[in-house]
1. Taking 0.36 nm per residue of sequence separation and subtracting the Cα-Cα distance, how much length would be gained by fully extending the chain between LEU105 and ARG147, in nm to one decimal?
2. Which shape class, rounded, prolate or oblate, goes with region 37-149 when its Cα gyration tensor gives a ≥ b ≥ c as root eigenvalues, a/c under 1.5 marks rounded, and past that a/b bigger than b/c marks prolate?
3. Which of the peptides 32-41, 122-131 is most tightly packed, and how do the rest follow, judged by the mean count of other Cβ atoms within 10 Å per residue?
4. Give me D for region 14-89 in µm² s⁻¹, whole number, from Stokes-Einstein with Rh from the Kirkwood sum over alpha-carbon pairs, 20 °C and 1.002 mPa s.
5. Counting other Cβ atoms within 10 Å of each Cβ, which chymotrypsin sites (Phe, Trp or Tyr not before Pro) in region 53-95 have at most 12 and sit in a DSSP loop?
6. Give the carbon-plus-sulfur fraction of the accessible surface of region 51-101 in %, rounded to a whole number; probe 1.4 Å, heavy atoms of protein chains only.
7. Using a cut-off of 16 Å between alpha-carbon atoms, which lysines can reach LYS95, once sequence neighbours fewer than 8 places away in the same chain are excluded?
8. Given points 7 Å out from each Cα along the Cα-Cβ axis, report the ALA115 to GLU86 separation in nanometres with one decimal.
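The values are calculated or read from the model by the stated rules, or taken from the named source; none is laboratory data. This one's a predicted model, so the numbers in the text were calculated from it and none came from an experiment. Cβ placement follows ideal geometry from the backbone for every residue including glycine, while neighbour counts extend to all protein chains displayed. Side chains are part of the model used for accessible areas, which takes the heavy atoms of the whole protein and leaves out ligands, DNA and RNA. Shrake-Rupley method; radii C 1.70, N 1.55, O 1.52, S 1.80 Å.
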Amino acid sequence: GGEAGSSFPHSSLGDDLVNKQKNLEVNTENFLEEILDRPIESDVDTQTDVFMDRPPSPLFVPAKTGVDRETQIFEGDLFVFDSEVEPILQVLVGKTLEQSLMEVLEEEELSNMRAHQEEFDQVSRAELAEVQRMEEAENRKMAEKERRGAQEGQRG
């Protein structure tokens, strides 16, 4: 049987299940709500107490541990800046100039290499064109010889 409404259209088992179903009455009044366009609104007022601003927190100063000591250093005791920094500056400036000169020379060398490569490529292209021209001339001569040989064979 394939009755309409059966969840198993081609089996008698489905028909038996449908016939055994029971309809029970269930009380749903406690769960029903009225559907409104807007929820119910009500106005409520509140008043807060006035608060005073809190005083600023004092700065944290950790407690001292250990004993303080001091050392007196007079001018010129440690080193003379102007005379002792000069060799360091000379080395820095010298190394910077040396490196920049090396970079300039390297760029110039790369430029020369590119120019030589371009010149080599031009010569190679010219030689290739010359070889192709010579091969074409040789092919034309061979074709002319074969054509003349064929003509001589037809005459003779």
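1. 8.9 nm
2. In terms of gyration-tensor shape, oblate.
3. 122-131, 32-41
4. 82
5. PHE60, PHE74, PHE79
6. About 63 percent, which is the carbon plus sulfur part of the accessible surface.
7. none
8. 4.3
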